[in-house]
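Below is one structure, written out as structure tokens; comments come after it.
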Amino acid sequence: MSDAAFSPGSSPGHAPAGRPSLWPLIGVPLLLVALDQITKWWITGALMLNQSRPVVPGFFSLTLVHNPGAAFGLFADSGAALRTAFLGAVSVLAVVLLTVFYLRTSATDRAARAAALLVIGGAIGNLVDRVRFGKVVDFLDVFVGTWHWPAFNVADSCITVGIALFLWTSWRDRGHSHDHSHDHSCSDSTDAAAPAGEEPR
């Protein structure tokens with residue numbers, strides 16, 4: 001048997017150095033789906049459809065609504081069968097692609113991995129509703145005066161935060177790439193300007 005079989009970090013359940021562990025990929029989305037489904041189960045028992053309960057008067061209420069579309073009511077006016085099939089397929093595709101992204105992302109890039117896990121959990125949470133009911137349970141109602149943001153749920157919140165994290169990591173990576181390019185340019189300029197016979201610094 002090779003020495004590699006006894007090398008540190010090679011035991012079952014441990015990911016190779018620099019590679020993400022599978023446990024967060026399984027555990028975090030399951031936890032988010034459980035939280036999403038428990039809150040939907042609770043609100044369905046606590047309120048009647050379209051009933052509202054103020055939490056922060058003039059700003060935030062719990063309002064039970066059914067959303068046949070995507071997050072924040074998108075595609076709600078499309079045909080039921082086509083809408084369910086399309087949104088279900090999009091959710092499955094998103095979960096598959098983000099799972100691949102997570103597995104290919106370095107374990108050191110925690111923000112990118114967290115973003116993937118949040119979106120995976122949110123996508124599965126709403127997919128469960130779509131498979132069970134053909135629509136999604138929404139109940140978080142944010143508003144100012146008579147203007148209401150489309151009602152949403154825990155799964156939508158996970159997706160939104162995950163996308164925001166993806167955007168932040170993209171901006172961060174572009175900034176690092178620019179800094180490295182600038183450092184290389186300065187180094188090349190210094191080397192070229194060094195007098196003949198003098199070692200470049």
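The values are calculated or read from the model by the stated rules, or taken from the named source; none is laboratory data. All of these numbers come straight from a predicted model, not from anything done at the bench. As a convention, Cβ positions derive from the backbone with ideal geometry for all residues, glycine included, and neighbour counts pool all protein chains shown.
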Of all residues in segment 59-75 being modelled with pLDDT under 95 and more than 11 Å from residue 151 (Cβ to Cβ), which is nearest to the chain's Cα centre (by Cα)?
70
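Provide a single number: the residues in segment 94-134 that are outside any loop (DSSP other than H, G, I, E, B) and under 16 Å from residue 25 (Cα atoms).
Selection size over segment 94-134: 27.
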